[in-house]
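Scroll down for the structure; my scribbles are underneath it.
The values are calculated or read from the model by the stated rules, or taken from the named source; none is laboratory data. In this text the structure is predicted, and so the values were computed from the model without any measurement. Backbone-built Cβ (ideal geometry, glycine too); neighbour counts: all protein chains shown. Just the protein is used for accessible areas: all its heavy atoms, side chains included, with ligands, DNA and RNA removed. Shrake-Rupley method; radii C 1.70, N 1.55, O 1.52, S 1.80 Å.
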Amino acid sequence: MESNNRFIKDILIQNKFVFNKALGQNFIFDANLLESIVNDAGITDGDTVVEIGAGAGTLTKALCAKARRVIAFEIDKKLMPVLDAVLFGISNCQVVFKDVMKLSNKEIADIAGKKFKVVANLPYYITTPLIMRFVESHEFDIESLTFMVQKEVAARLCAKENTPEYGAITPSLKLRGDVVITRTVDRRAFFPSPKVDSAVARIDMHNKYADKNIPKILRLIKIAFSMRRKTLINNLAAATNISKDRLRKELIDCGFDERIRGEVLSLEDFIFLSEKLDFAL
Ligand code: SAM
């Protein structure tokens, strides 16, 4: 595999490929790391994998060795000859040269079907919106999402309440899945090296709260964290135009202190409040 990845580097050089920083083009060539990511993602031979951000195809190739089928999205058409060469002869792979952020869920489902595992190593500014989009969608039957994130962001994904890392994303993810940080990845594992260290996170999707009003819970979480240092009452008042007196009464009736802030509320608290608060969000 190592000599194989030397071969991929040579293909990049032959094609005079210039890394595009704005597209987060920091590629992984380390064979052990690539294999570890595929193992972290729990890919088996029955799986369809949607890979987002194929790059030079190093991870794509490692995924193809384990999965039944891989659909890899890549925005940069300059990688076409590279991916053609790197993935030559691999029959269970389809590369789609599209900006995944511009595809609707229906368009993705038309290409990949509804049941798949997601694996993504993307520019970090689109990773969170993309993951939230998959997590919140109901068009797919996604088993898990495995993705590279900045190390500090990984800490936020599974933070405990009332810690600086705990934010809207923490209970929002927990509503749809269990988050595991499988490994940290030193910046030197990428070429070219970025300025930050990374981590691999996996979300195992579940349906524990399928009977709940998920959009209402997500909206409540978003409102509660809209201004982090403000009380829940102040954030709710700003978002709903409901009087603070009424909000205070409802919150106290639910058994909460009127000065409570979003950052101390667990997912269970948000679910409970979303059911008890007697107004639409
Ligand atoms: N998977 C490869 C690896 O691990 O070496 C490449 C990862 S590199 C960090 C991210 C890749 O995502 C780049 O090749 C970039 O062009 C691609 N990309 C960036 N934005 C994208 C988007 N909106 N849709 C699809 N691919 C995108």
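Look through the range 17-31, keep the residues that are closer than 15 Å to Arg188 by Cα, more than 6 Å from the ligand (Cβ to nearest atom) and assigned to a loop (DSSP other than H, G, I, E, B), and return whichever of them is most open to solvent (accessible area, probe 1.4 Å).
Across the range 17-31, the extreme among qualifying residues is Asp30.
Pairs, please: C-beta under 7 Å, at least 6 apart or cross-chain, first residue over 24 Å from Tyr209 (Cα atoms) and in the range 245-273, second of a type in the set (Lys, Arg)?
Within 7 Å, the pairs are Glu258/Arg248.
Consider Asp178 against the criteria (1) farther than 16 Å from Lys151 by Cα; (2) in a strand (DSSP E or B); (3) more than 14 Å from the chain's Cα centre (by Cα): it satisfies all of them except one. Which criterion is unmet?
So Asp178 meets the others, but not (3).
So which pairs qualify, if the first residue must be in the range 38-59 and open to solvent by 10 Å² or more (accessible area, probe 1.4 Å), the second must be in a loop (DSSP other than H, G, I, E, B) and near the ligand (Cβ under 7 Å from one of its atoms), the Cβ gap must be under 7 Å, and the two must be at least 6 apart or on different chains?
Gly53/Glu74; Gly53/Asn121; Gly53/Leu122; Leu59/Asn121
Within the range 91-113, work out how many residues are closer than 16 Å to Ala67 by Cβ, surrounded by 14 or more Cβ atoms within 10 Å (Cβ to Cβ) and away from the ligand (no atom under 15 Å from the Cβ).
The qualifying residues number 2.
Within the range 138-149, is even one residue part of a helix (DSSP H, G or I), open to solvent by less than 50 Å² (accessible area, probe 1.4 Å) and of a type outside the set (Asp, Glu)?
no
Ser193 - would you say it is more than 21 Å from Leu273 (Cβ to Cβ), under 18 Å from the mean Cα position of the chain (by Cα) and in contact (Cβ under 8 Å) with a residue 24 or more places away in the chain? Step through it out loud before you land on a result.
Values: more than 21 Å from Leu273 (Cβ to Cβ): yes; under 18 Å from the mean Cα position of the chain (by Cα): no; in contact (Cβ under 8 Å) with a residue 24 or more places away in the chain: yes.
No, not satisfied.
Of everything in the range 37-60, what is within 12 Å of the ligand (Cβ to nearest atom) and in a helix (DSSP H, G or I)? Give them in sequence order.
Ile37, Val38, Thr58, Leu59, Thr60
Restricting to the range 229-281, name every residue that is of a type outside the set (S, T, N, Q), touching a Ser or Thr at 6+ places or on another chain (Cβ under 6 Å) and crowded, with 19+ Cβ neighbours inside 10 Å. Spell out how you get there, then give the answer.
Taking the range 229-281 as the starting set, the residues that turn out to be of a type outside the set (S, T, N, Q) are 229-230, 232-233, 236-239, 242, 244-265, 267-273, 275-281.
Going one step further and asking which of them are touching a Ser or Thr at 6+ places or on another chain (Cβ under 6 Å), we end up with 259, 261.
Within the range 229-281, Arg261 is the sole residue that qualifies.
Can you tell me how many residues in the range 119-135 are near the ligand (Cβ under 10 Å from one of its atoms) and hydrophobic (A, V, I, L, M, F, W, C)?
5
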